Amino acid sequence: MSHTRVAILISGSGSNMVALAQSMQGDHPARPCLVLSNRPDAGGLAKAKAMGIPTAVVDHRPYGRDRAAFEAALRDVLDTARPDLIALAGFMRILTAEFVHPYAGRILNIHPSLLPKYRGLDTHARAIAAGDSEAGCTVHEVNPELDDGPVLGQARVPILPGDTPETLAARILPMEHRLYPLVLRRVVKGERGLITLP
Ligand code: GRF
């Protein structure tokens, strides 16, 4: 059986990439085919290499504000890996409609908030400042709007008195590592029903 090929895009530590890659083993119908970072110094690159996953870097900095040129370079590298699915995992660049369109329905992202609340950055600080009683993370399909595509999975955690963005992030990250692999497996199997944790 040929496996579904999954490219994982990262910008940092790649803890979500590791969770996804570790889940794609045994009878899992998918396998990671590439870990691609926009940052040469991303810690996740070494982790991917250690797991025997092909890696690539397309440094966004030489492209300056020329987003189209950066995305064309991304696409060239991705095309060689022939991914069936793309998983953004701590990937911190905004992708334009021109990039997303050819992969429509085949790009997933994990965002550290209970979308549609808190699109964008600093999600934990914003949830705490708003006095919310809970926070969490969301896996969604990527569409050309920022953090806006159909929600495929959500995980909720309580916000506790005295929480800081760091303590809240530490409570959510393990839930990300559970949620994303669950959603990926269902998407690969052609199921798009909402997953909620706990
Ligand atoms: C995580 O909070 C994730 O939700 C966000 O980027 C952060 C770091 O992710 N997208 P990772 O450790 O690089 O996977």
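Scan Val18, Val35 and give me the residue that is within 16 Å of the ligand (Cβ to nearest atom), part of a helix (DSSP H, G or I), surrounded by 15 or more Cβ atoms within 10 Å (Cβ to Cβ) and among the aliphatic types (A, V, I, L, M). Give the derivation first.
On the way: Val35 fails: part of a helix (DSSP H, G or I).
Answer to the check: Val18.
Which of (1) free of Cβ contacts under 8 Å to residues at least 24 places away in the same chain; (2) within 16 Å of the ligand (Cβ to nearest atom); (3) not aromatic (Phe, Trp, Tyr) is the odd one out, the single condition Ala48 does not satisfy?
Only one criterion is unmet by Ala48, namely (1).
Somewhere in the range 39-52, is a residue closer than 23 Å to Val183 by Cβ and out of contact with any helix residue (DSSP H, G or I) (no Cβ under 6 Å at 6 or more places or on another chain)?
Initial filter on the range 39-52 (closer than 23 Å to Val183 by Cβ): 42, 44, 47-48, 51.
Those still in the list that are out of contact with any helix residue (DSSP H, G or I) (no Cβ under 6 Å at 6 or more places or on another chain) too: 42, 48.
So far as the range 39-52 goes, yes, one or more of its residues are closer than 23 Å to Val183 by Cβ and out of contact with any helix residue (DSSP H, G or I) (no Cβ under 6 Å at 6 or more places or on another chain).
What number of residues within the range 94-116 are surrounded by 15 or more Cβ atoms within 10 Å (Cβ to Cβ), in contact with an Asp or Glu (Cβ under 9 Å, 6 or more places away or on another chain) and not in a strand (DSSP E or B)? It would help to see each step written out before you state the result.
Residues of the range 94-116 surrounded by 15 or more Cβ atoms within 10 Å (Cβ to Cβ): 95, 99-100, 103, 106-115.
Imposing the further condition that a residue be in contact with an Asp or Glu (Cβ under 9 Å, 6 or more places away or on another chain) reduces the set to 95, 99, 106-115.
Those still in the list that are not in a strand (DSSP E or B) too: 95, 99, 106, 112-115.
Residues that pass the stated criteria total 7.
Filter the range 1-15 down to residues that are of a type in the set (S, T, N, Q) and under 10 Å from Gly90 (Cβ atoms) and give me whichever is farthest from the ligand (Cβ to nearest atom). Explain how you work it out, then say what you get.
Start the filter on the range 1-15 by keeping residues that are of a type in the set (S, T, N, Q), which leaves 2, 4, 11, 13, 15.
Now restrict to residues that are under 10 Å from Gly90 (Cβ atoms): 11, 13, 15.
Values: Ser11: 7, Ser13: 4, Ser15: 3 Å.
Top of the filtered list is Ser11.
Which of the residues belonging to the range 117-127 are within 11 Å of the ligand (Cβ to nearest atom) and part of a helix (DSSP H, G or I)?
Across the range 117-127, the qualifying residues are Thr123, His124.
Scan (1) within 16 Å of the ligand (Cβ to nearest atom); (2) of a type in the set (Val, Ile, Thr); (3) at pLDDT 95 or above for the single condition Ile94 breaks and write down its number.
(3)
The values are calculated or read from the model by the stated rules, or taken from the named source; none is laboratory data. This one's a predicted model, so the numbers in the text were calculated from it and none came from an experiment. All Cβ positions, even for glycine, are placed from backbone atoms using ideal geometry, and neighbour counts span all protein chains on display.
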